[in-house]
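Below you'll find the structure, written out as structure tokens, and then a few comments.
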Amino acid sequence: MRRILGVVGGIVAGSLIVFCVEWLGHTLFPPPPGFEATIHGGHSSIGDLPLGALAFVILGWSLGALGAGWAAAKISGDIRTAITVGFFMTLAGVMTMLHIPHPIWMWVLGIALPLPLAWLGAKGAGVPSAPAGAGA
């Protein structure tokens with residue numbers, strides 16, 4: 001039960017972090033007037049946004065994965081829960097990039113960073129790499 005709560009808590013924590021960081025990015029780097037970041041009917045491209053705005057998206061995804069891994073591990077006491085949450089954070093990023101076209105460098109970072117950062121978050125929470133009872 002703690003692992004299920006860890007996954008849910010991690011996803012909620014990670015999502016809140018992503019929301020807050022992306023909100024800050026949108027505040028510091030507002031999109032141009034008339035910008036529509038959707039593939040359906042929009043003629044704008046995410047690549048048309050300033051680099052700072054795009055960096056805040058990656059920063060949000062990265063800090064979200066780190067925080068999600070930390071929260072999941074703290075709640076569950078199991079590093080596997082953090083890895084599971086990192087997988088879901090990666091999946092959420094891929095789904096976003098499939099729906100809204102992103103530059104290739106964002107694809108690379110959006111896929112490469114969440115799992116190791118979720119693991120790092122779990123390590124920061126003080127959870128051992130191997131679950132209790134796992135033999136070497």
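Bear in mind these aren't lab numbers, they're just calculated from the coordinates by the rules spelled out. All values reported here derive from a predicted model rather than from experimental measurement. With ideal geometry, Cβ positions are generated from the backbone for all residues, glycine too; neighbour counts draw on all protein chains shown.
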* Starting from the Cα-Cα distance between residue 98 and residue 20, subtract it from 0.36 nm times their residue separation and give me the gain in nm to one decimal. => 25.9 nm
* **Using alpha-carbon coordinates, inclination of helix 51-76 to the longest axis of the chain, degrees** => 20
* To do: Please determine, in degrees from 0 to 90 and to the nearest 10, the orientation of helix 2-28 with respect to the longest principal axis defined by the Cα atoms of the chain, where the helix direction is its Cα long axis.
  => 30
* Asked: Roughly how big is the chain's charge dipole about its Cα centre, with Cβ charges of +1 (Lys, Arg) and -1 (Asp, Glu), in debye to the nearest 20?
  -> 560
* **222 nm mean residue ellipticity, helices alone, for the chain (DSSP H n ≥ 4; -39,500 (n - 2.57); rounded to 500)** => -23500 deg cm²/dmol
* How big, on average over all directions, is the shadow cast by the Cα convex hull of the chain, in nm²? -> 8.8
* To do: Enumerate the calculated ³J(HN,Hα) couplings along the stretch 81-95 in order (Karplus 6.51 cos²θ - 1.76 cosθ + 1.60, θ = phi - 60°), each rounded to whole Hz, writing x wherever the residue is Gly or Pro.
  => 5, 5, 5, 4, 5, x, 4, 5, 5, 4, 4, 4, x, 5, 4
* **With Cα atoms, 0 to 90° folded angle of helix 114-124 axis to the chain main axis** => 40
